[in-house]
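In what follows, a structure is listed as structure tokens, so that the remarks can point back to it.
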Amino acid sequence: MLLNADPLRKILELECKKGYLDSAVIGGLDRFLRNWADQARKSITSPQLLNRFSKLHLVDSNYASLTKEQRKEWVNSVLDFLVDTECGEREKGEANLVPVAIKAPSGAKKQRTVVNQSIDSPITVVKGVSSNLATKFNKLGVKTVRDLLYFFPHRHLDYSQRKPVSQLAEGKEETIIANVWQAQEIRLGGRRSTEAIVGDETGNVRVVWFNNPYLAKKLTTNTRLVISGRVGLFNGRHVFESPEWELAEDKELIHAGRLVPLYPLTQGLRPRQVRKLMKEAVDQWAWQVEDFLPSELKERQKLLELPQAISQAHYPEDEALNDRARVRLAFDELLLLQLGVLSKKRAWQEGQPGNPISTKPSLLEAFLQSLPFELTPAQHRVLNELLANLEEPRPMSRLLQGEVGSGKTIVATTALLMAAANAYQGVFMAPTEILAEQHFSTICQLLSRAGHLAGQEDYLHSYSGLLSHPLTVALLIGDITQIRKRELQQRILDGNIDIIIGTHALIQKEVEFHKLGLAVIDEQQRFGVEQRSALRQKGFNPHVLVMTATPIPRTLALTLYGDLDLSVIDQLPPGRQVVKTKWLKPGQRASAYAFINRQVAEGRQAFIICPLIEESEAIQARAAIVEYERLSQEVFPELRLGLLHGRMPSAEKDKAMRYFRSGELDILVATPVVEVGIDVPNATVMMVESADRFGLSQLHQFRGRVGRGQEQSYCMLLAQNPSEVARERLDIIEKTHDGFQLAEEDLKLRGPGEFFGTRQSGLPDLRMAKLSDVGLLELARTEAIRLFEKDSTLEKPEHSLLAKELARVWPEAGEWS
Ligand code: ADP
Ligand code: MG
């Protein structure tokens, strides 16, 4: 008797693909195996072969009780056996067991050949991926097989419900299986195209494919075809126009008749081509992805196995599995994010002892008395939280959130003053040079009211009457002369400077401290990870205060900044007015300019923000110059205009800012750098070009630049041709003035990637997870904390894969491997 080994091979391959879950056969593999082996044994005559056969324990298999690793090994050994019996032993004439139906090179053999290549190999190892194609994928950021497996479709078309031809409904997306009766090349609108008449037992329907004459040859009479697409009407009859199609063969469908993935494409990648090779990649490689989640966790949360989740995310069997795949993959992202955040908090706090900074009540009192205003209750509360935290021996990690203009600077300055009073140095880091300069002048102004200016050199002021020694404040920016910079650096190292203000980049890279006690990181919407680790590497473990004007909903804040404590200034100083905001159509541009003219005539000033151009700062700067010239010459020839962009030497930036602040300029034309921080109370108009390209939070920041003085202020948003989403956004910003609400809307409309710019922030990329999915966020957070409590360094063997994955997705943090 000749036994066919093909069913067994197919089952085992399927089992591989499904991740060794004993799910390839209904009722479990064991029953099938025993059944099959019983028959097979009878057909084997060679004693040698019989010997090998019995070692496989097919007859008395106990697959169900094996661990996953054991299953994998065992399945491979059986597949090996099947291949050997076909290509090895049979040649020797020994194989009466005839697994002839092994159709090399599919299945087992193929998998054997790729065993030495890992999923981190370049994508050219995937069948059908030429180096030419690989280049196109590289452009999408897809380099390795792993990248390819994680290159998920942005959605699926549901072509899973098949209909008889007689029941097709016009205007609906439908799927049929039909026979080709005839197909021919025709001309449609002057283009060579294909027309076919197809049908099933219930009726016939016409199908046309524009611009695709070659199909006519492929669709010979009696070809069975799956067709999915929208049903149209032509001359009163149903017609499919350029539908998806696929030959109805034995193999799994990928283009039609199922949930069909739609991939983000780039030029030169065709949808059918991408689907085909994604299928290849998923079938061959998904099962090789190691599932790094501890099984106990997976069971508790009823999560899919990773290989299964990956393959279902591409080619789902049904909607339910598609959802479960998304949940599993999103959970992974959020869990890893949480673990990373928690690890950092631990490292931060355990690394080195902190430096307690005690509050000096009389100094505090004197300083607050000297201010030209009363702190708001919210500022008082937050200041107290902060000062209490500074007194503790463990280093503070605090995030201070507060609306634009809520008065964060003064709170931070008070803390810096306390650090200096405890003989610690403090730094104040700003994201841009302009802001650093502004902070320097603000802080100097505040100190000069409380104390007396005792000395003044370039970039260095000192004040007496506050501490037992003169309090010195330095500004470190890019275009200080090298000599002066070195001088300042030396004095910082010697401990002669108390407060250092500069940009993030500069302070991280170029400054050595004598005794750093407090670091304030301003306008940091993201982590401050790099800043902190840079400071740590310098041998200090300072208290850290990160300040942001981008309010983040609480659950999210805990997820993203789980390593930080949270303070919120949820109140603006009294007298702040609502900035009237209007979204203008392109036709209203002239009247907007007229409005600016009238405001200037009344003695007010205006900002004009140039369009956002993503390519580079250089291009951005050039565009700003062009716009500045156009406005100066053609639109406001009578007015005094200034220009501000990131590429200007900082002396010039400073000049522009100073002139604008002192009223010597009427209009400041700026690149979006002014988004953060600049404070000019007499400015009453903020005009933003291409407002549709900014997020709500960003627009809100721009708007926060005006309305700081007594006069009614205005924000004018120009958008050339806004998309649906952008229109919605512009409507919202017109009506809403609450930063928190705007942030939440932003998150909903734009998604987290754009909102946080996770790529640049050192956070792992979130592709599947939606930060608006609070339930899953909380779940991931709970599980991360549970893991962390059990095994905070992920040293236990059952967590080793997880530790590896964490190090892989988030190498920047690098504390755990
Ligand atoms: P932000 O939180 O956006 O950094 P700033 O610290 O720059 O805000 O403060 C914005 C403006 O409000 C500054 O001109 C500052 O002097 C002023 N300010 C801060 N606190 C108060 C207060 N309690 N009362 C009145 N004005 C205040
Ligand atoms: Mg600020």
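The values are calculated or read from the model by the stated rules, or taken from the named source; none is laboratory data. On a predicted model such as this, the values are computed, not experimentally measured, just so you know. Reconstructed Cβ throughout: ideal geometry from the backbone, glycine too, with neighbour counts over all protein chains shown. For the accessible areas, the whole protein counts, side chains as well, though only heavy atoms, and no ligand, DNA or RNA atoms are used. Shrake-Rupley method; radii C 1.70, N 1.55, O 1.52, S 1.80 Å.
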Can you confirm whether the range 363-376 contains a residue that is of a type in the set (Val, Ile, Thr) and away from ligand 2 (no atom under 16 Å from the Cβ)?
no
Filter pass, VAL205 being at pLDDT 90 or above and within 44 Å of the chain's Cα centre (by Cα)
no
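Residues checked against (1) farther than 21 Å from GLY407 by Cβ; (2) hydrophobic (A, V, I, L, M, F, W, C); (3) away from ligand 2 (no atom under 16 Å from the Cβ):
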site	(1), (2), (3)
LEU446	no, yes, no
ARG449	no, no, yes
GLY455	yes, no, yes
SER468	yes, no, yes
ALA474	yes, yes, yes
ASP479	yes, no, yes
GLN490	yes, no, yes
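Does GLU783 qualify as being closer than 17 Å to GLN338 by Cβ and at pLDDT 85 or above? Even if it seems obvious, please write down each step before you answer.
Values: closer than 17 Å to GLN338 by Cβ: yes; at pLDDT 85 or above: yes.
Yes, satisfied.
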Given GLU634, GLU638, which one is at pLDDT 80 or above and either in a helix (DSSP H, G or I) or of a type in the set (Val, Ile, Thr) (or both)?
GLU634
Say whether the condition of being modelled with pLDDT of 75 or more, of a type outside the set (A, V, I, L, M, F, W, C) and assigned to a loop (DSSP other than H, G, I, E, B) is met by at least one residue in the range 66-89.
yes
Among PRO361, PRO356, PRO294, the single one that is touching an Asp or Glu at 6+ places or on another chain (Cβ under 6 Å) and either of a type in the set (S, T, N, Q) or within 30 Å of ARG394 (Cα to Cα) (or both) is PRO356
Return the total of residues in the range 571-609 being under 11 Å from MET687 (Cβ atoms), part of a helix (DSSP H, G or I) and open to solvent by 40 Å² or more (accessible area, probe 1.4 Å).
2
Filter the helices (runs of 4 or more DSSP H) completely within the range 305-398 down to those with at least 3 residues that are surrounded by fewer than 22 Cβ atoms within 10 Å (Cβ to Cβ).
319-351, 361-370, 377-390
Selection from the range 307-326 of residues that are in contact with an Asp or Glu (Cβ under 9 Å, 6 or more places away or on another chain) and farther than 18 Å from LYS279 by Cβ:
GLU319
Output yes when any residue across the range 499-514 is of a type in the set (Asp, Glu) and at pLDDT 95 or above, and no when none is.
no
When you check VAL382 against the structure, is it in contact with a strand residue (DSSP E or B) (Cβ under 7 Å, 6 or more places away or on another chain), touching a residue at least 12 places away in the same chain (Cβ under 8 Å), farther than 29 Å from LEU742 by Cβ and of a type in the set (Val, Ile, Thr), yes or no?
no
May I ask you to say which residue of VAL226, VAL274 is part of a strand (DSSP E or B) and out of contact with any helix residue (DSSP H, G or I) (no Cβ under 7 Å at 6 or more places or on another chain)?
VAL226
If you go through GLN633, GLN577, GLN571, the only one that is within 16 Å of ligand 2 (Cβ to nearest atom) and either among the basic types (Lys, Arg) or over 24 Å from ALA726 (Cα atoms) (or both) is GLN571
Tell me which residues, restricted to the range 707-731, are surrounded by fewer than 17 Cβ atoms within 10 Å (Cβ to Cβ) and within 28 Å of the chain's Cα centre (by Cα).
GLN720, ASN721, SER723, GLU724, VAL725, ARG727, GLU728, ASP731
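Name every residue in the range 696-712 that is charged (D, E, K, R) and in a loop (DSSP other than H, G, I, E, B), in order of residue number. Break it down stepwise before answering.
Within the range 696-712, the subset charged (D, E, K, R) is 703, 705, 708, 711.
ARG705, ARG708, GLU711, listed by residue number.
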Could you check, for the range 163-172, whether at least one of its residues is outside any strand (DSSP E or B), open to solvent by less than 20 Å² (accessible area, probe 1.4 Å) and touching a residue at least 40 places away in the same chain (Cβ under 8 Å)?
yes
Counting only residues in the range 386-409 that are within 16 Å of ligand 1 (Cβ to nearest atom) and either over 31 Å from the mean Cα position of the chain (by Cα) or aliphatic (A, V, I, L, M) (or both), the one nearest to GLN438 (Cα to Cα) is identified as VAL404
Anything in the range 682-719 that is touching a helix residue (DSSP H, G or I) at 6+ places or on another chain (Cβ under 7 Å), without any contact (Cβ under 8 Å) to a residue 60 or more places away in the chain and more than 17 Å from THR548 (Cβ to Cβ)? List them, or say none.
ASP692
Selection from the range 244-288 of residues that are open to solvent by 50 Å² or more (accessible area, probe 1.4 Å) and of a type in the set (Lys, Arg):
LYS251, ARG270, ARG272, LYS276
From the list GLY478, GLY455, exactly one residue is closer than 21 Å to PHE367 by Cα and modelled with pLDDT under 95. Which is it?
GLY455
Within the range 762-780, how many residues turn out to be open to solvent by less than 40 Å² (accessible area, probe 1.4 Å) and modelled with pLDDT of 85 or more?
2
Among the residues of the range 422-449, what is the count of those that are open to solvent by 30 Å² or more (accessible area, probe 1.4 Å), in contact (Cβ under 8 Å) with a residue 40 or more places away in the chain and part of a helix (DSSP H, G or I)?
3
Among the residues of the range 743-756, is there at least one that is more than 15 Å from ligand 1 (Cβ to nearest atom) and at pLDDT 90 or above?
no
